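The values are calculated or read from the model by the stated rules, or taken from the named source; none is laboratory data. Note that this is a predicted model, so its numbers are computed, not measured. Note that we place each Cβ from the backbone using ideal geometry, even for glycine, and neighbour counts take in every protein chain shown.
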Amino acid sequence: MSDRLCTVLLYSDDPQVRDRMRMAVGTRPAPGLQIEFVEASAYAECVRLVDDYEIDLLLLDGEASPGGGIGIARQIKDDRDDSPPTCVVIARAADRWLAAYAQVDATLVHPLDPVTTGTTVAGLLRAHAPA
């Protein structure tokens, strides 16, 4: 059985945060899944990539500035009927209520734990796999 290739969009205005997200997910977060990353550093770029490419998962930095990942998640969910699953990385666990309001599928907390991150990403990708 071959691996399913999934495209994960990493969004943050900070390249170091995108690197940490990429490293925490890894290219094979679970058996049967292989990850290809695309990156966005600005709100408009993130939306354009979602519109132009087959994105399987959005991994968004909730602390990004000026457009935070929670706001982007909410906008994409509101604008698209076929939005990919979203996971927002937040700095404070107390911000989960705001992520829930934005209809985010999952949250992770800085600093990212590779085991938790890989498990969360793999679960979202499997739960939203095309039929």
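Taking Ala44 as the residue in question, decide whether it is outside any loop (DSSP other than H, G, I, E, B), aliphatic (A, V, I, L, M) and more than 17 Å from Leu125 (Cβ to Cβ).
On the way: outside any loop (DSSP other than H, G, I, E, B): yes; aliphatic (A, V, I, L, M): yes; more than 17 Å from Leu125 (Cβ to Cβ): yes.
Spelling it out, Ala44 is indeed outside any loop (DSSP other than H, G, I, E, B), aliphatic (A, V, I, L, M) and more than 17 Å from Leu125 (Cβ to Cβ).
Restricting the range 1-13 to residues that are of a type outside the set (A, V, I, L, M, F, W, C) and surrounded by 13 or more Cβ atoms within 10 Å (Cβ to Cβ), the residue that is farthest from Arg126 (Cα to Cα) is Asp13.
One line per residue, one yes/no per condition, for (1) in contact with a strand residue (DSSP E or B) (Cβ under 8 Å, 6 or more places away or on another chain); (2) without any contact (Cβ under 8 Å) to a residue 40 or more places away in the chain:
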site	(1), (2)
Ser65	no, no
Gly69	yes, no
Val88	yes, yes
Ala91	yes, yes
Ala99	yes, yes
Val115	no, yes
Arg126	yes, no
Pro130	no, yes
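Collect the residues in the range 14-32 that are aliphatic (A, V, I, L, M) and buried (at least 22 other Cβ atoms within 10 Å of the Cβ), keeping them in residue-number order. The answer is Met21, Val25.
Taking the range 71-90 as the search range and keeping residues that are β-branched (Val, Ile, Thr) and touching a Lys or Arg at 6+ places or on another chain (Cβ under 8 Å), which one is nearest to Ile55 (Cα to Cα)?
Within the range 71-90, the subset β-branched (Val, Ile, Thr) is 72, 76, 86, 88-90.
Within this subset, residues satisfying the condition of being touching a Lys or Arg at 6+ places or on another chain (Cβ under 8 Å) are 86, 90.
Working: Thr86: 10, Ile90: 21 Å.
Among those that are β-branched (Val, Ile, Thr) and touching a Lys or Arg at 6+ places or on another chain (Cβ under 8 Å), it is Thr86.
Within the range 7-21, residues that are within 20 Å of Pro85 (Cα to Cα) reach partners that are part of a strand (DSSP E or B) and of a type in the set (Phe, Trp, Tyr) with beta carbons closer than 6 Å, at six or more positions or on different chains, in the pairs Val8/Phe37; Leu10/Phe37. Are any of the residues in the range 97-105 among the aliphatic types (A, V, I, L, M) and assigned to a strand (DSSP E or B)? No, the range 97-105 contains no residue that is among the aliphatic types (A, V, I, L, M) and assigned to a strand (DSSP E or B).
When only residues in the range 92-110 that are modelled with pLDDT under 95 and touching a helix residue (DSSP H, G or I) at 6+ places or on another chain (Cβ under 9 Å) count, which is farthest from Met21 (Cα to Cα)? Step by step, filter the range 92-110, then rank; the result is Tyr101.
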